[in-house]
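Read the structure below first, then the notes.
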Amino acid sequence: MPRILVAVDESSGGERALEAAVKLAQQNGGLVTAVTVLEQTGNPALDALAEELKAHARTRLEELLQTAVNFARSRGVRLRPILREGHPAEAIITCAEEERADILFLGANREAGDRLGGVADLVSNHCPCTVVIARRAA
């Protein structure tokens, strides 16, 4: 039974990644762990200045994780949510290491000039497990 990790966000790619992770868990049993990341700027003064915005963003991400839990449950799959803070790629890679994930699903949100998307590129190049990238529908 594989250890499945899925990085969720509010993008269509993130939704597709969650669907794929849950489908694999349905086929092979087991628990899915979902991680989402509250992005930090790395600048303490700026992070402190935006506390109200940060609180609002945290609430949205907690709701997103609860939606993922409910989605998985409706398909007979247990999902454990994790909310991290920091740089998204670094937080996802660290979570994959700590959870000893066998497979990670994440969405790719392409921006101009990016092959996959900044986070997806970093994660796919540095993650210690198999990475499956779900692109948004064209």
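The values are calculated or read from the model by the stated rules, or taken from the named source; none is laboratory data. The shown structure was predicted, so the numbers you read here are calculated from the model rather than taken from an experiment. Heads up, the Cβs are rebuilt from the backbone with ideal geometry, glycines too, and the neighbour counts pull from every protein chain shown. The area values use the complete protein model at the heavy-atom level, side chains included, leaving out ligands, DNA and RNA. Shrake-Rupley method; radii C 1.70, N 1.55, O 1.52, S 1.80 Å.
Numbers for the structure displayed
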| quantity | calculated |
| --- | --- |
| Options Cys129, Cys95; residue that is within 13 Å of the chain's Cα centre (by Cα), surrounded by 15 or more Cβ atoms within 10 Å (Cβ to Cβ) and at pLDDT 95 or above | Cys95 |
| From Ala21, Ala101, Ala34, residue being touching a residue at least 12 places away in the same chain (Cβ under 8 Å), within 10 Å of the chain's Cα centre (by Cα) and open to solvent by less than 20 Å² (accessible area, probe 1.4 Å) | Ala34 |
| Failed criterion for Arg115 (all others in (1) under 14 Å from Leu18 (Cβ atoms); (2) at pLDDT below 95 hold) | (1) |
| Test: residue in segment 58-77 that is closer than 19 Å to Asn125 by Cβ and crowded, with 19+ Cβ neighbours inside 10 Å | no |
